[in-house]
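Engineer: Okay, here's the structure, questions in a sec.
The values are calculated or read from the model by the stated rules, or taken from the named source; none is laboratory data. Keep in mind that what you see is a predicted model, and the values were worked out from it rather than measured. Using ideal geometry, Cβ is built from the backbone for each residue, glycine included, and neighbour counts are taken over all protein chains shown. To get the accessible areas, we keep the full protein, side chains included, count just its heavy atoms, and leave off ligands, DNA and RNA. Shrake-Rupley method; radii C 1.70, N 1.55, O 1.52, S 1.80 Å.
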Amino acid sequence: QVQLVESGGGLVQPGGSLRLSCAAKGIIFSSYHMGWSRQAPGNKRALIASITSGGSISYVDSVKGRFTISRDNAKNTVYLQMNSLKPEDTAVYYCNARSGPMESWGQGTQVTVSS
(Lines give C-alpha, C1' and ligand atoms only; values in the text may rest on other atoms or scores of the structure.)
Protein backbone atom coordinates (compact mmCIF):
# COMPACT_ATOMS: atom_id res chain seq x y z
CA GLN A 1 0.00 0.00 0.00
CA VAL A 2 1.36 3.38 -1.02
CA GLN A 3 1.73 5.89 1.78
CA LEU A 4 2.91 9.48 1.42
CA VAL A 5 3.31 11.52 4.59
CA GLU A 6 3.96 15.26 4.41
CA SER A 7 5.46 17.26 7.24
CA GLY A 8 7.03 20.64 7.85
CA GLY A 9 4.08 22.96 7.40
CA GLY A 10 3.19 25.70 9.83
CA LEU A 11 2.79 29.41 10.38
CA VAL A 12 5.52 31.69 9.06
CA GLN A 13 5.86 35.44 8.58
CA PRO A 14 6.12 36.94 5.10
CA GLY A 15 9.68 36.65 3.86
CA GLY A 16 10.30 33.57 5.95
CA SER A 17 11.20 30.02 4.97
CA LEU A 18 9.88 26.52 5.47
CA ARG A 19 11.00 23.12 4.29
CA LEU A 20 8.37 20.53 3.55
CA SER A 21 9.16 16.83 3.51
CA CYS A 22 7.24 13.93 2.04
CA ALA A 23 8.22 10.44 3.09
CA ALA A 24 7.08 7.62 0.83
CA LYS A 25 6.40 4.01 1.69
CA GLY A 26 5.17 1.11 -0.39
CA ILE A 27 6.73 2.21 -3.68
CA ILE A 28 10.04 1.87 -5.46
CA PHE A 29 10.67 5.53 -4.81
CA SER A 30 13.51 6.02 -7.25
CA SER A 31 11.30 5.02 -10.17
CA TYR A 32 8.52 7.49 -9.37
CA HIS A 33 8.08 11.05 -10.53
CA MET A 34 7.35 13.24 -7.52
CA GLY A 35 5.50 16.51 -7.27
CA TRP A 36 4.23 19.16 -4.90
CA SER A 37 0.84 20.76 -5.38
CA ARG A 38 -1.10 23.24 -3.32
CA GLN A 39 -4.69 24.20 -2.77
CA ALA A 40 -5.82 27.48 -1.30
CA PRO A 41 -9.41 27.98 -0.07
CA GLY A 42 -11.76 28.39 -3.02
CA ASN A 43 -9.11 27.32 -5.51
CA LYS A 44 -8.36 24.09 -7.31
CA ARG A 45 -5.35 22.02 -6.40
CA ALA A 46 -2.48 22.95 -8.69
CA LEU A 47 0.94 21.46 -9.33
CA ILE A 48 3.73 23.87 -8.42
CA ALA A 49 6.92 21.80 -8.61
CA SER A 50 7.92 18.41 -9.91
CA ILE A 51 10.99 16.23 -10.14
CA THR A 52 11.15 13.21 -12.37
CA SER A 53 12.74 9.88 -11.54
CA GLY A 54 15.67 11.07 -13.64
CA GLY A 55 16.00 14.31 -11.74
CA SER A 56 14.47 16.76 -14.21
CA ILE A 57 12.80 19.65 -12.38
CA SER A 58 10.09 22.09 -13.28
CA TYR A 59 8.27 24.90 -11.47
CA VAL A 60 5.32 27.13 -12.09
CA ASP A 61 6.26 30.74 -12.61
CA SER A 62 4.82 31.90 -9.29
CA VAL A 63 7.37 29.93 -7.27
CA LYS A 64 10.41 30.01 -9.56
CA GLY A 65 13.44 31.42 -7.80
CA ARG A 66 11.84 31.00 -4.38
CA PHE A 67 11.05 27.30 -4.06
CA THR A 68 13.38 24.34 -4.59
CA ILE A 69 12.28 20.75 -5.02
CA SER A 70 14.70 17.94 -4.34
CA ARG A 71 14.66 14.23 -3.65
CA ASP A 72 16.72 11.79 -1.64
CA ASN A 73 16.17 8.34 -3.06
CA ALA A 74 18.10 6.74 -0.21
CA LYS A 75 15.57 8.18 2.25
CA ASN A 76 12.51 7.77 0.00
CA THR A 77 11.80 11.44 0.59
CA VAL A 78 11.04 14.47 -1.54
CA TYR A 79 11.51 17.99 -0.21
CA LEU A 80 10.23 21.45 -0.99
CA GLN A 81 12.38 24.29 0.29
CA MET A 82 10.29 27.46 0.33
CA ASN A 83 11.99 30.82 0.72
CA SER A 84 10.75 34.40 0.54
CA LEU A 85 7.27 33.23 1.41
CA LYS A 86 4.33 35.47 0.59
CA PRO A 87 0.79 35.56 1.99
CA GLU A 88 -0.45 34.21 -1.34
CA ASP A 89 1.56 31.04 -0.72
CA THR A 90 -0.90 30.16 2.04
CA ALA A 91 -2.44 26.81 1.15
CA VAL A 92 -2.53 23.12 1.94
CA TYR A 93 0.49 21.53 0.29
CA TYR A 94 0.30 18.00 -1.06
CA CYS A 95 2.93 15.70 -2.44
CA ASN A 96 2.18 13.12 -5.07
CA ALA A 97 3.93 10.15 -6.58
CA ARG A 98 3.33 9.09 -10.15
CA SER A 99 4.48 6.19 -12.27
CA GLY A 100 2.63 5.52 -15.50
CA PRO A 101 -1.09 5.40 -14.73
CA MET A 102 -0.51 5.01 -11.00
CA GLU A 103 -0.71 8.13 -8.86
CA SER A 104 -0.92 8.58 -5.10
CA TRP A 105 -1.36 11.61 -2.87
CA GLY A 106 -0.46 12.50 0.66
CA GLN A 107 -2.88 13.96 3.19
CA GLY A 108 -1.49 17.47 2.92
CA THR A 109 0.19 19.90 5.28
CA GLN A 110 -1.01 23.43 5.99
CA VAL A 111 1.26 26.37 5.25
CA THR A 112 0.11 29.78 6.48
CA VAL A 113 2.06 32.91 5.67
CA SER A 114 0.91 35.79 7.84
CA SER A 115 2.23 38.50 10.07
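Engineer: Taking segment 103-115, which residues are in contact (Cβ under 8 Å) with a residue 24 or more places away in the chain, surrounded by fewer than 19 Cβ atoms within 10 Å (Cβ to Cβ) and more than 13 Å from Gln13 (Cβ to Cβ)?
Structural biologist: Correct list: Ser104, Trp105, Gln107, Gly108, Gln110.
Engineer: Among the residues of segment 68-85, is there at least one that is in contact (Cβ under 8 Å) with a residue 12 or more places away in the chain, of a type outside the set (A, V, I, L, M) and touching an Asp or Glu at 6+ places or on another chain (Cβ under 8 Å)?
Structural biologist: Yes, some residue in segment 68-85 is in contact (Cβ under 8 Å) with a residue 12 or more places away in the chain, of a type outside the set (A, V, I, L, M) and touching an Asp or Glu at 6+ places or on another chain (Cβ under 8 Å).
Engineer: Further question: What's the total number of residues in segment 93-102 that are in contact with a strand residue (DSSP E or B) (Cβ under 8 Å, 6 or more places away or on another chain) and either open to solvent by less than 20 Å² (accessible area, probe 1.4 Å) or without any contact (Cβ under 8 Å) to a residue 12 or more places away in the chain (or both)?
Structural biologist: Residues meeting the conditions: 4.
Engineer: Let me ask another. List pairs: first residue in segment 27-38 and farther than 9 Å from Arg71 by Cβ, second residue open to solvent by 50 Å² or more (accessible area, probe 1.4 Å) and basic (Lys, Arg) anywhere in the structure, Cβ distance under 8 angstrom, at least six positions apart or on different chains.
Structural biologist: Partner pairs satisfying both residue conditions: Tyr32/Arg98; His33/Arg98; Gly35/Arg98; Ser37/Arg45; Arg38/Arg45.
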